[in-house]
Amino acid sequence: MSERDAEIQRRARAFVEDELIQWEVQAELADGVLPPEVAERHDRRARELGFGAINMPKDLGGDGLTMFQQVLVQEQIGRVTNGLGWVVHTPAAWLPEVATPHQLETWVKPTIRGERMECYAITEEGAGSDVDAIEATARRDGDRYVLKGEKWHVTSANLADHVFFQAKLADGANAGAHALFVVDMDTPGVRVVRTPEYSHTLAHHHPILAFDDVRVPAANLLGAEGDGMRYVHEWFRYERLMIAARCCGAAERLIDEATAFARDRQAFGRSISEFQAVQFMLADSLTELWAARLMTYRTAHGMDEGVDVKVQHAQCSLAKLYGSEMANRVADRAVQIFGGRGYMRENVAERFYRELRVDRIWEGTSEVQRVIIADQLFKRGAQALLD
Ligand SMILES: Cc1cc2nc3c(=O)[nH]c(=O)nc-3n(C[C@H](O)[C@H](O)[C@H](O)COP(=O)(O)OP(=O)(O)OC[C@H]3O[C@@H](n4cnc5c(N)ncnc54)[C@H](O)[C@@H]3O)c2cc1C
C-alpha cells in the first residue's frame with residue numbers, strides 16, 4: 001500500500017466513522033430513509049472527499065482511483081449498514097469507452113457530476129443466473145427501437161432517472177443477440193409493476209419494472225447490436241470484487257463490535273471473552289477475514305497490473321464467493337456472541353445478518369461463482385488462477 005493508498009483508506013474510514021455510522025439505527029427504523037438534509041449532506045461530503053465517482057476517469061470528471069484504491073474505499077463503506085455508504089458512487093465504468101459523444105454528454109458526464117443516476121434492468125422472472133434466457137425484446141423500427149419486457153429486482157429504480165435495459169434483438173441481421181439500451185425513466189411505457197419488500201432496510205428499492213413498447217431513439221443503443229453481454233460481464237466482474245471488499249469491511253466491523261461486547265459482558269461472574277467457545281468464534285472470524293482481504297487486495301492489484309481478463313474474471317469470482325460466504329459466517333457468529341441483543345434491529349450484528357445474505361445471491365449466486373471458477377480451472381489449470 002503506497003502512502004497515497006493509505007491516505008485514501010484513512011479518508012474513507014473517517015467519513016464512515018464521523019458521518020455515517022451514527023445514522024444507522026435511525027435509517028433502520030425509518031425504512032432506510034434519512035431526513036433529506038442529512039442524506040444531502042452525506043452525498044455532498046462524499047463528493048468533497050473525492051468519492052463522487054471513484055471508478056470514473058479524471059478527464060470525465062471522475063475521481064480516477066486505481067482498482068486497489070477503489071477496493072480500499074469500498075471496504076470502508078462496507079462497515080456501515082442500511083446502504084448508507086452508497087453515497088460513494090460507482091457509475092458504469094464500462095460505458096465511457098463505448099459511449100457516443102451524445103451518450104457521454106447526456107448520461108455519462110451528468111451521472112459523474114451527481115446530477116443523474118442509473119439503474120440496471122437485466123434479471124427477469126424467468127431469467128436470473130441464466131441471463132441468456134431473458135425474454136425482453138428490442139425491435140428496430142426506423143430510427144428507433146421498440147423495447148418490451150418485464151424486469152425484476154431493479155435496484156435503485158425509485159431514485160434513478162435512467163435505466164440500462166438488456167434485451168434480445170427481435171429481428172434483423174443480429175436477431176437473437178443481446179443488446180443494451182439506456183432508457184430515461186420518464187419515457188412513456190416504463191412502468192412500476194410493484195415494489196416488493198426485501199430483507200434489508202434501504203432507501204434504495206428493487207421494483208419490478210414493465211417496459212410496454214417503449215420507443216427509444218437508435219442513439220440509445222450502447223455499443224453495437226450483440227454487445228450486450230460483454231458489458232454485463234464487465235459490470236459483474238467489477239461489482240463482484242467490490243462486494244468482496246464491502247464484505248471484508250462488514251466482517252471487520254462485526255469482529256470489532258463483537259470483541260468489545262465480549263470483553264464487557266459478564267456471565268457466571270466472568271467476562272464472556274474468557275470462554276473459549278466465544279474466543280474461537282472470534283479467532284475463526286479474524287482468520288477468515290484476513291484470507292478474504294488478501295484475496296480481494298491481490299485481485300485488485302492484478303487488475304491494475306492488467307492480468308488476463310479471463311483470469312480477472314475467475315479471481316473476482318473467487319474473491320466474491322469466499323468474501324460473501326465468510327462475511328455471512330462472521331455475522332452469524334456475531335449474532336451468537338451478542339446473545340439476545342444480537343436479535344434486536346438496533347444491533348449492528350442483526351442488521352448485517354440480514355443485509356449480508358444478499359451478497360451470496362446478487363451479481364451471481366455462490367453456485368454460479370463456483371461454476372465460473374471450475375470452468376476456468378479446467379481451462380487454465382490452478383497455477384494460472386493463483387498468481
Ligand atoms: C436485493 C436484490 C437486488 C438485485 N438487483 C438487481 C439489479 O439491480 N438488476 C438486475 O438485473 N438484477 C438484480 N438482482 C437479481 C440478481 O442478480 C439475481 O437474483 C441473481 O442473479 C440470481 O438469479 P435468480 O434470483 O433468478 O435465481 P435463479 O437463477 O433462479 O437461481 C435459483 C437457485 O438455483 C441455483 N442455480 C442456478 N443456476 C445454477 C447452476 N448453473 N448451477 C448450480 N446452481 C444453479 C442458484 O444458485 C440459486 O440457488 C437483484 C437481486 C436481489 C435479491
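Below are the figures for this structure:
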quantity	calculated
Selected residue (only one of LEU294, LEU318 is open to solvent by 20 Å² or more (accessible area, probe 1.4 Å), without any contact (Cβ under 8 Å) to a residue 12 or more places away in the chain and of a type in the set (A, V, I, L, M, F, W, C))	LEU294
Failed condition for TRP86, given (1) open to solvent by 10 Å² or more (accessible area, probe 1.4 Å); (2) under 15 Å from LEU222 (Cα atoms); (3) assigned to a helix (DSSP H, G or I)	(2)
Scan of segment 190-204 for residues that are under 17 Å from TRP362 (Cα atoms) and open to solvent by less than 40 Å² (accessible area, probe 1.4 Å), ordered by number	PRO196, HIS200, THR201, LEU202, HIS204
Matching residues in segment 190-210 - criterion: being part of a strand (DSSP E or B) and more than 13 Å from the ligand (Cβ to nearest atom)	VAL190, ARG191, VAL192, VAL193, ARG194, ALA210
Segment 257-266: number of residues that are crowded, with 16+ Cβ neighbours inside 10 Å and either at pLDDT below 95 or not in a helix (DSSP H, G or I) (or both)	1
Segments classed as helices (runs of 4 or more DSSP H), wholly inside segment 271-387, with at least 1 members that are within 16 Å of the ligand (Cβ to nearest atom)	309-338, 348-355, 366-380
Any hit, segment 35-51, residues being touching a Lys or Arg at 6+ places or on another chain (Cβ under 9 Å) and under 23 Å from ARG237 (Cβ atoms)	yes
Failed criterion for ALA175 (all others in (1) out of contact with any strand residue (DSSP E or B) (no Cβ under 9 Å at 6 or more places or on another chain); (2) away from the ligand (no atom under 11 Å from the Cβ) hold)	(1)
Matching residues in segment 156-171 - criterion: being more than 10 Å from the ligand (Cβ to nearest atom), within 15 Å of ILE134 (Cα to Cα) and not in a loop (DSSP other than H, G, I, E, B)	ALA167, LYS168, LEU169
Sole residue being more than 9 Å from the ligand (Cβ to nearest atom) and of a type outside the set (Lys, Arg), chosen from TRP152, TRP107	TRP107
Residues satisfying the stated conditions in segment 110-133, i.e. surrounded by fewer than 21 Cβ atoms within 10 Å (Cβ to Cβ) and part of a loop (DSSP other than H, G, I, E, B)	ARG113, GLY114, GLU115, ARG116, MET117, THR123, GLU125, GLY126, GLY128, SER129, ASP130
Restricting segment 178-189 to residues that are open to solvent by 30 Å² or more (accessible area, probe 1.4 Å) and in contact with a strand residue (DSSP E or B) (Cβ under 8 Å, 6 or more places away or on another chain), the residue that is farthest from the ligand (Cβ to nearest atom)	PRO188
Some residue of segment 145-152 being within 30 Å of ASP43 (Cα to Cα) and either assigned to a strand (DSSP E or B) or open to solvent by less than 20 Å² (accessible area, probe 1.4 Å) (or both)	yes
Residue among LEU254, LEU241, LEU282 that is over 30 Å from HIS178 (Cβ atoms), in contact (Cβ under 8 Å) with a residue 40 or more places away in the chain, out of contact with any strand residue (DSSP E or B) (no Cβ under 8 Å at 6 or more places or on another chain) and open to solvent by less than 20 Å² (accessible area, probe 1.4 Å)	LEU254
Candidate set: segment 29-64, residues that are assigned to a helix (DSSP H, G or I) and touching a Gly at 6+ places or on another chain (Cβ under 8 Å); chosen: the one least open to solvent (accessible area, probe 1.4 Å)	ALA46
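The values are calculated or read from the model by the stated rules, or taken from the named source; none is laboratory data. Given the structure is predicted, the values throughout are model-derived calculations rather than measurements. A quick note on method: Cβ atoms are made from the backbone with ideal geometry, for glycine too, and the neighbour counts reach across all protein chains shown. For the accessible areas, the whole protein counts, side chains as well, though only heavy atoms, and no ligand, DNA or RNA atoms are used. Shrake-Rupley method; radii C 1.70, N 1.55, O 1.52, S 1.80 Å.
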